[in-house]
1. Given the residues A:45, A:9, which is the only one that is surrounded by 14 or more Cβ atoms within 10 Å (Cβ to Cβ), in contact (Cβ under 8 Å) with a residue 12 or more places away in the chain, among the small types (Gly, Ala, Ser) and facing chain B (nearest Cβ under 9 Å)?
2. Considering only residues of the stretch A:40-74 that are more than 26 Å from residue B:55 (Cα to Cα) and among the polar types (S, T, N, Q), which is farthest from the chain's Cα centre (by Cα)?
3. Can you find a residue that is under 18 Å from residue B:217 (Cα atoms), in a helix (DSSP H, G or I), open to solvent by 60 Å² or more (accessible area, probe 1.4 Å) and modelled with pLDDT of 75 or more anywhere in the stretch B:188-196?
4. Considering only residues that are open to solvent by less than 50 Å² (accessible area, probe 1.4 Å) and under 16 Å from the mean Cα position of the chain (by Cα), which ones fall in the stretch A:21-39?
5. If you check every pair at least six apart or on different chains, which have Cβ atoms under 9 Å apart with a residue in the stretch B:172-192 that is free of Cβ contacts under 8 Å to residues at least 60 places away in the same chain first and a residue that is outside any helix (DSSP H, G or I) and among the small types (Gly, Ala, Ser) second?
6. Here's a check for you: in the stretch A:122-134, which residue that is surrounded by fewer than 22 Cβ atoms within 10 Å (Cβ to Cβ) and away from chain B (no Cβ under 11 Å) is nearest to residue A:32 (Cα to Cα)?
7. Out of the residues in the stretch A:141-161 meeting the condition of being over 17 Å from residue B:44 (Cα atoms) and surrounded by 24 or more Cβ atoms within 10 Å (Cβ to Cβ), tell me which one is nearest to the other protein chains (Cβ to nearest Cβ).
Amino acid sequence: MRTADLELAARCRAGDAGAFEELYRQHARRLFSLVVRMIGSVDDAEDLLQEVFLQAHRKLSGFRGDSALGTWLYRLTMNHCLDHLRARQVRMNRATESLDEEGAEEPAAPAPAVPAAVSRLDLERAINMLPDGARAVFLLHDVEGFEHREIAQILGISEGTSKSQVHKARMKLRMILGR
Amino acid sequence: MNCELHDDLLDDYVDGARASDHRSDERFAAFEQHLTGCTRCQALVADLTSIRLAASTLDEHIPPPRLWARIASSIDEQQRQPWWQRQLGGTFSAWVPAAVAASIALLLVAGGWNAWQQRRVETPQQVAAPQPETESIPAEQHYEQAIAGLQQLAQAQNGALDPETRAVLTKNLAVIDRAIDESRAALDQEPASALAQESLLEALETKVALLQETVALASDTGGQPEETAGSARELDQ
């Protein structure tokens, strides 16, 4: 896996026209889905993912294979998403919260039961209502299937923070979906 | 039994961790035993499992085919740029056009500031030094005058920047200075080359823009270096 990543990165750096397109084809669908869910806009997601791949193209010379190429791309993508959201929050003068912030706890009163089969549309809407940090970790863990160890690498947080944010996100989703 | 005692295992359990996978961890066995008689935890496990299952089967959003075309076209464009512009990357893309337009006005401001500074230090030789006619100054000299004025402003306000931002801006200036040196060397070899002349002017123009950004950042802080923290992006190396 790492060898294949290093070879692909080396081909990109050597100016192999097809190599970077190969990298794009391997990862664009998952990254695009992630970005759409992170920032809530298909149009903005297109612009943002373009920036991500252009930055990746410039920075490939710095890729040393310490993590998988996919993990490296996810890290670039999430940095862009969080920058975008922070800038938007500043513009809207909303309160911000950091990834390590504990934030609101689950409600004291028991939440109504979540339907056994959660509608995808309802879940998409509910995910959009999560705080940015919890949404980032939830998407990476429950939607993309990353381990907490990998999420810690991607977002630059501790594994413990990743776990607590997933818990926080699930409890919030439970509350929203049980309404 | 208190449900909260098991809260740290709840998510692991929903993610598929079972007591049989953690034989040495008695807490899992205790949680599974607790679960058989606790409706609150049973409901939680059921709800969180539903959410997790639904999340893992969400539809993919497909990027439009034009996205790759846009990326490929931008990469081609980048590769046609000189190396130092590629290194600057998107750092200045948003403000360079405006900065370049403003640089004309800044030439006048910087010139005026220079003259004022010279009068302040009262150096007769410098005050008396003949100033070249504006019309006869070649473009390169215009930029150099602007750079000299802006550098003085930037140095005067240097303390207003936080160390990290200052380091990044210094590094960026070193990159652009290298580009200017290389452009000058190319021009020395081929003085008639329009491309070499254009390359030098472009590099000088970028230095003016970078210095303007430095001065603007320092002014924005009002002398509070911490407010510039992380304001400058390091060049892609």
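1. Answer to the selection: A:45.
2. Step by step, filter the stretch A:40-74, then rank; the result is A:61.
3. So far as the stretch B:188-196 goes, no, none of its residues is under 18 Å from residue B:217 (Cα atoms), in a helix (DSSP H, G or I), open to solvent by 60 Å² or more (accessible area, probe 1.4 Å) and modelled with pLDDT of 75 or more.
4. Matches in the stretch A:21-39: A:27, A:28, A:31, A:32, A:33, A:34, A:35, A:36, A:37, A:38, A:39.
5. Listed pairs, sorted by first residue: B:186/B:193; B:187/B:193.
6. A:128
7. It comes out as A:141.
Residue-wise test of (1) of a type in the set (S, T, N, Q); (2) surrounded by fewer than 18 Cβ atoms within 10 Å (Cβ to Cβ); (3) modelled with pLDDT of 75 or more.
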| position | (1), (2), (3) |
| --- | --- |
| B:150 | no, no, yes |
| B:158 | yes, yes, no |
| B:183 | yes, no, yes |
| B:222 | no, yes, no |
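The values are calculated or read from the model by the stated rules, or taken from the named source; none is laboratory data. Everything quoted here is computed from the prediction, not taken from an experiment. With ideal geometry, Cβ positions are generated from the backbone for all residues, glycine too; neighbour counts draw on all protein chains shown. Ligands, DNA and RNA are excluded from the accessible area calculation, which covers all protein heavy atoms including side chains. Shrake-Rupley method; radii C 1.70, N 1.55, O 1.52, S 1.80 Å.
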